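The values are calculated or read from the model by the stated rules, or taken from the named source; none is laboratory data. Because the structure is a prediction, the values reported are computed rather than measured. With ideal geometry, Cβ positions are generated from the backbone for all residues, glycine too; neighbour counts draw on all protein chains shown. Surface areas here come from the heavy atoms of the whole protein model, side chains and all, with no ligands, DNA or RNA. Shrake-Rupley method; radii C 1.70, N 1.55, O 1.52, S 1.80 Å.
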Amino acid sequence: MNKIAVIGKVFVDIKGTSFAPLHKDAKNVGDISFSNGGTGRNVAQNLAVLGNDVRFISTVTNDQIGVGVLEELKSYGANVDHVEMLEDHGMGMWLAVMDNEGDLQTSISKQPDAKLLEEAILRQSVYALDGVDAVAIDLDLSVTVLERLIHLCRKMELPLYGVCGHLSVIERNRHLLQGFTGFICSREEAEILSDLSIVTVEDAIHVANELAKKGAPFTVVTMSELGAVYVDRRTATSGHVGTKKVKVVDSTGAGDSFFSAVLSELTDSKQAEDALKLGMKVAAQVIASTENGLIPEMLETIR
C-alpha cells in the first residue's frame, strides 16, 4: 500500500446549479447543495478511496462542520491525525454557481487563516512525512510553505507532486516548480504559465515540454474533451491519452480526482500512460456525479 502525505486546504462547498441557462440579471431557479471540498481535502479522499495509506495535513475549524469533515475523511480511510483544529477560520468556504450543463460559471472563495494554516502545516510536516512514499501539495499555499516543503522533500529524498487549487501563487513564483517531481495543470493554466496557446494535442505536448524544461520534469496538461498529455524529461518520453465523452453533471473536483489517480499509479510504479488512463476514468466518474471526489461505489466501474 502506497503511503502518501497530502498537504492542502479544507473548504465547505456551497453549490448552486441552475435548471436552465443562467441569466445574470434574473433570478435563476435551481438546486443548492452543501459538501466538503478543497483541493487538499479532495485529493486526500480520492487517494484513500483508491486504496492508499493517506496522511492529511491541514486545519479545520473546531465546530460541528469541522468535525464532520474529519469524520467523513476517516470513513474513507484517510489518517487525519495531522489536521489541527482551530477555534476560528480553520477552513474556507467556496460558493459556486453552475449552469444547467454542470459547468462552473463563477465562484466566491473565503479563505482560511493563512498564517495559522502555514504554522500548522510546517509543524505537522516534520512528523507526518516520516516514512511516506510521496508527497502531494496544493500549490495554493504560501511561498514559505512551498519552499519549506521543497527543501524538506529534497532532504528526505521524497517525490513531490503539485496540483493547482488556484494559480495565483505559482504564477508569481514559477521558479518553485523546479523543486517538484511532477506537476499537473489544465490547458488554461498551462497557457498562462508558458505564455503559449494550446489548440491541438501537438501544441499541448510542446507546452508541457516547455514547462518541464523550467519546472517539474514530469509535467501533465489536461485538455477536457481532448484528454491529457504528458512529458517526462527524465526518460525523454511523452504521450497523449484520450478520453470518452461523458454527460457532465458537475465538473467540480474533476481535476483533483485526475491528479489523485495519476499520483496513485505513479507511486505504485505504473507507466505514465497507464496512470493517465486511470486518471481519465476516475475524472469521468466524478464529472458524471454530484460528488466532489471518488467514492467507494465508483470503484467497480473504474477497475
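See the values below:
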read-out: Residue that is of a type outside the set (A, V, I, L, M), assigned to a helix (DSSP H, G or I) and farther than 24 Å from Glu297 by Cβ, where the choices are Gly66, Gly40; value: Gly66
read-out: Count of residues meeting criterion [open to solvent by less than 60 Å² (accessible area, probe 1.4 Å), over 23 Å from Val286 (Cβ atoms) and not small (Gly, Ala, Ser)] in the stretch 211-236; value: 4
read-out: Residue list for the stretch 84-110, filter: touching a residue at least 60 places away in the same chain (Cβ under 8 Å) and closer than 20 Å to Ile137 by Cα; value: Gly90, Met91, Gly92, Met93, Trp94, Ser109
read-out: Residue count for the stretch 76-110, restricted to those that are open to solvent by 70 Å² or more (accessible area, probe 1.4 Å) and under 20 Å from the mean Cα position of the chain (by Cα); value: 7
read-out: Criterion: at pLDDT below 95 and touching a helix residue (DSSP H, G or I) at 6+ places or on another chain (Cβ under 8 Å) - qualifying residue of Leu211, Leu226, Leu266; value: Leu226
read-out: Odd one out for Leu276, checked against (1) in contact with a strand residue (DSSP E or B) (Cβ under 9 Å, 6 or more places away or on another chain); (2) open to solvent by less than 20 Å² (accessible area, probe 1.4 Å); (3) in a loop (DSSP other than H, G, I, E, B); value: (3)
read-out: Extreme residue, least open to solvent (accessible area, probe 1.4 Å), among residues of the stretch 123-155 that are part of a helix (DSSP H, G or I) and polar (S, T, N, Q); value: Ser125
read-out: Answer from Val49, Val10, Val29 - the residue that is of a type in the set (A, V, I, L, M), modelled with pLDDT of 90 or more and either over 26 Å from Val282 (Cβ atoms) or open to solvent by 20 Å² or more (accessible area, probe 1.4 Å) (or both); value: Val29
read-out: Checking Gly37 against (1) surrounded by fewer than 24 Cβ atoms within 10 Å (Cβ to Cβ); (2) farther than 21 Å from Lys3 by Cα; (3) of a type outside the set (A, V, I, L, M), the condition it does not meet; value: (1)
read-out: Members of the stretch 258-271 found to be under 19 Å from Met1 (Cα atoms) and assigned to a helix (DSSP H, G or I), listed by number; value: Phe259, Ser260, Ala261, Val262, Leu263, Ser264, Glu265, Leu266, Thr267
read-out: Filtered residues of the stretch 162-191 (kept if surrounded by fewer than 23 Cβ atoms within 10 Å (Cβ to Cβ) and within 17 Å of Val229 (Cα to Cα)); value: Thr181, Ser186, Arg187, Glu188, Glu189, Glu191
